[in-house]
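Peer 1: Next up is a structure, given as structure tokens.
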Amino acid sequence: MSAAVFLCRRTPLCCRKYILNLGKNQTQIDFTGRTVISHYKNTPKVNIFHKQTPFQFLRKWYPWNPKNSRIFGQRVHSTVAARIESSIPLNSQKIVGKWLFGCAGMVFGAVILGGVTRLTESGLSMVDWKLLKDMKPPSNQEEWIAEFERYKTFPEYKHVSNQREMTLTDFKFIYYMEYAHRMWGRLTGMVFLLPAAYFWRKGWLSAGMKPHVLLLSGLLGFQGFLGWFMVKSGLEEDIDIPRVSQYRLAAHLSSAFLLYVMFLWSGLSHVNSRQMMPKTLQMLRLRKFSFGVTGLVFITAFSGAFVAGLDAGLVYNSWPKMADRWIPSDIAAFSPKWKNVFENPTTVQFNHRWLGQSTAAAIVTLWLVCRKAPLSPRARTAVNCLLAMAFVQIGLGIGTLLTYVETPLAATHQSGSLVLLSFATWLSHELRRLPK
Ligand code: HEM
């Protein structure tokens, strides 16, 4: 049995204690619906409403009218609403939430490290994949030389050595970059799996969370597999330019983004109390809009992976036009036509630019719509951060293009996309439906 508890800011300490007790040991209390404790002026000290939705309760005491959304915004949504799973103490839920945020942070770190590995052309330096053996890098000169000799038999070395000489020191640098990325991936797995097992055993994972944890474990494993699958595509003999397949890079990056969003969403659900929003058509539309914007940010990031995979940031380094034209002449040079979307660097860059710019336009529109909506303070902060980050991200994208993909700028642009996605996810989370 679960119930939602609403506790207003003015609730005196005795009742806060009561709520905590309620959280810790729900069986003490005999109720079936929602318990509402409020100390607003006209409300009785403790109200217990059975089978009454929070909105019904709020409407009863604070009839909503767009004009007094300030009242609604400031007083009613300061109510803390926490969904308490039976028998899981609130404190434990917070710990689980912090762990999930930690996992999201680890995935964030892996994405940055992966981006820098790719931008420094280090990703193909480790030419095989072994779960345990990979964990120990070469430890003496002979082992390093043997590893370098192995690398020399693969196409990337041949390609690089045609342009410049590669020394053992250069090789050690690219090897350590890839090594750090792989080890970070393993560490992320540990940071997720070990506490997951502990929390499961302790009974701190709710019934709904358990399948989610299994899904996340599967996705983490799949992420590792996709990483190696991607690297393998760059080690094949029969490719002209030794670089990984843009399809596999996009799959690897978007699956990391998906993992990140899932961790972040679950973390927010554990840590953030729900703030009240009116159940109106306007809010329903706003929620859909916010979800749409989150999806658009995701799709733009996905298209960015194709730009990165094809080195399409090195063609048409001008903005806003592409070589004095709005639509470049070679945009449909490949045949069949659909191939242009994924394989023609010009088209891939064109699509990414316009997707990015449209995403920013959608975010500005969302922000304007939100100005008139009775949002909670947290949702308002989220939408303001989203708007600011959209401008930063567009600036970083243009900068990356104009500087012919300078590594620090490109890496910041990549992490910027995750920050933007975080704000969009946070806003959608704030606008999510209240429990029935
Ligand atoms: C909402 C806006 C945007 C998002 C979320 C976004 C996201 C991304 C992502 C995820 C990548 C892949 C990075 C990597 O794997 O290294 C990327 C690459 C890139 N983006 Fe964007 N982008 C946006 C807007 C723009 C704009 C407006 C431009 C230029 C006008 C731009 C130019 C580039 C370039 C040149 C690259 C390739 C960098 C490289 O090779 O590493 N982006 N973008």
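Peer 1: Given the structure, is Met283 in contact (Cβ under 8 Å) with a residue 60 or more places away in the chain, among the aliphatic types (A, V, I, L, M) and away from the ligand (no atom under 16 Å from the Cβ)?
Peer 2: On the way: in contact (Cβ under 8 Å) with a residue 60 or more places away in the chain: yes; among the aliphatic types (A, V, I, L, M): yes; away from the ligand (no atom under 16 Å from the Cβ): yes.
For Met283, the condition - in contact (Cβ under 8 Å) with a residue 60 or more places away in the chain, among the aliphatic types (A, V, I, L, M) and away from the ligand (no atom under 16 Å from the Cβ) - is met.
Peer 1: On to the next question. Among the residues of the stretch 271-281, which ones are surrounded by 15 or more Cβ atoms within 10 Å (Cβ to Cβ) and either touching a His at 6+ places or on another chain (Cβ under 9 Å) or not in a loop (DSSP other than H, G, I, E, B) (or both)?
Peer 2: Val271, Asn272, Arg274, Gln275, Met276, Met277, listed by residue number.
Peer 1: Just one of (1) in the same structural domain as Arg380 (by the TED database); (2) of a type outside the set (Phe, Trp, Tyr); (3) surrounded by fewer than 20 Cβ atoms within 10 Å (Cβ to Cβ); (4) in contact (Cβ under 8 Å) with a residue 12 or more places away in the chain trips up Leu226, so point out which.
Peer 2: (1)
Let's see how each residue does on (1) assigned by the TED database to the domain that holds Gly203; (2) surrounded by 15 or more Cβ atoms within 10 Å (Cβ to Cβ):
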{"residue": "Arg243", "(1), (2)": "yes, yes"}
{"residue": "Ala251", "(1), (2)": "yes, yes"}
{"residue": "Met262", "(1), (2)": "yes, yes"}
{"residue": "Met283", "(1), (2)": "no, yes"}
{"residue": "Leu296", "(1), (2)": "no, yes"}
{"residue": "Ala305", "(1), (2)": "no, yes"}
{"residue": "Ile327", "(1), (2)": "no, no"}
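Peer 1: Within the stretch 337-344, is even one residue more than 14 Å from the ligand (Cβ to nearest atom), surrounded by 14 or more Cβ atoms within 10 Å (Cβ to Cβ) and assigned to a loop (DSSP other than H, G, I, E, B)?
Peer 2: yes
Peer 1: Would you be able to say whether some residue in the stretch 239-258 is of a type in the set (Gly, Ala, Ser) and more than 14 Å from the ligand (Cβ to nearest atom)?
Peer 2: Of the stretch 239-258, the ones of a type in the set (Gly, Ala, Ser) are 245, 250-251, 254-256.
Those left that are additionally more than 14 Å from the ligand (Cβ to nearest atom): none.
No - not one qualifying residue is present in the stretch 239-258.
Peer 1: Could you grab me the full set of residues in the stretch 387-407 that are more than 7 Å from the ligand (Cβ to nearest atom), part of a helix (DSSP H, G or I) and either of a type in the set (A, V, I, L, M) or at pLDDT 95 or above (or both)? So that I can check it myself, show each step before the final result.
Peer 2: Quick first cut of the stretch 387-407, residues more than 7 Å from the ligand (Cβ to nearest atom) only: 387-389, 391-392, 395-396, 399, 402-404, 406-407.
If we keep only those that are part of a helix (DSSP H, G or I) as well, we get 387-389, 391-392, 395-396, 399, 402, 407.
Answer for the stretch 387-407, where residues must be more than 7 Å from the ligand (Cβ to nearest atom), part of a helix (DSSP H, G or I) and either of a type in the set (A, V, I, L, M) or at pLDDT 95 or above (or both): Leu387, Ala388, Met389, Phe391, Val392, Gly395, Leu396, Gly399, Leu402.
Peer 1: Would you list the helices (runs of 4 or more DSSP H) that sit entirely within the stretch 109-207 and hold 1 or more residues that are within 25 Å of His413 (Cα to Cα) and touching a residue at least 24 places away in the same chain (Cβ under 8 Å)?
Peer 2: 168-202
Peer 1: Only residues in the stretch 297-312 that are more than 6 Å from the ligand (Cβ to nearest atom) count as the first member; pair them with residues that are in a helix (DSSP H, G or I) and of a type in the set (Asp, Glu), Cβ under 9 angstrom, at least 6 apart or cross-chain, and list the lot.
Peer 2: Taking only residues 6 or more apart or on different chains, the pairs are Phe306/Glu343; Leu310/Glu343.
The values are calculated or read from the model by the stated rules, or taken from the named source; none is laboratory data. Just so we're clear, the structure is a prediction, and the values are computed from it rather than from any experiment. Please note: Cβ atoms are built from the backbone with ideal geometry, for glycine as well, and neighbour counts cover all protein chains shown.
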